[in-house]
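The values are calculated or read from the model by the stated rules, or taken from the named source; none is laboratory data. Note that the coordinates shown come from a computational prediction; the quantities given were computed from them, not determined experimentally. Every residue, glycine as well, gets a Cβ built from its backbone with ideal geometry; the counts of neighbours run over all protein chains shown.
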Amino acid sequence: MNLPISIGHDIVEIKRIQSAYQKYGDKFLQKIYTPNEIKYCFTKKNPFPSLASCFAAKEAVSKAFRCGIGPQFHWKSAEINHQTSGCPIITLDQLGQNLLKQLHGSDVLITLTDIQSIASAIALLI
């Protein structure tokens, strides 16, 4: 069994993501999310809880990598996908894979949740 080597957590107000989208539109989406993430979120009747969960997941993963969003880890360095069961999984780009190797990790696990006004994510590097 692999023991965790790092953990990251983030929480975001859903209205914050909705406001950013209303103010900046597709420019906001293109900066933060991959095309697959946008497609998935907009299959929902209300996409904003899913967009907020995805945003929180990216932040949580960047915190688990101990670098935050910036030159070492970009918004699109982690793509949040979903298994057929609905379970979220992370796909890392080359930057993310390099960070995982530097920390001697083998995988990133993620859990997402949202309620009326907030979305939260926890990322675990193993």
Checklist entry - Considering segment 45-90 alone, what residues qualify as being closer than 15 Å to I17 by Cα and among the charged types (D, E, K, R)? => result K58, E59
Checklist outcome for this item: Within segment 102-116, restricting to residues that are loosely packed, with under 12 Cβ neighbours inside 10 Å and either within 26 Å of F48 (Cβ to Cβ) or at pLDDT 95 or above (or both), the one that is farthest from the chain's Cα centre (by Cα) is Q116
Next on the checklist: Going residue by residue through segment 8-25, is there one that turns out to be within 13 Å of E79 (Cα to Cα), in contact with a Lys or Arg (Cβ under 8 Å, 6 or more places away or on another chain) and not β-branched (V, I, T)?
Outcome noted: no
Item to check | Given (1) buried (at least 16 other Cβ atoms within 10 Å of the Cβ); (2) small (G, A, S); (3) touching a residue at least 12 places away in the same chain (Cβ under 8 Å), number of the condition A20 does not satisfy | outcome: (3)
Item to check | Spans of helices (runs of 4 or more DSSP H) in segment 1-110 with at least 2 residues closer than 12 Å to A121 by Cβ and of a type in the set (S, T, N, Q) | outcome: 48-64
Checklist outcome for this item: Going through segment 83-95 in order, the residues found to be over 12 Å from the mean Cα position of the chain (by Cα) and not aliphatic (A, V, I, L, M) are Q83, T84, S85, G86, C87, D93, Q94
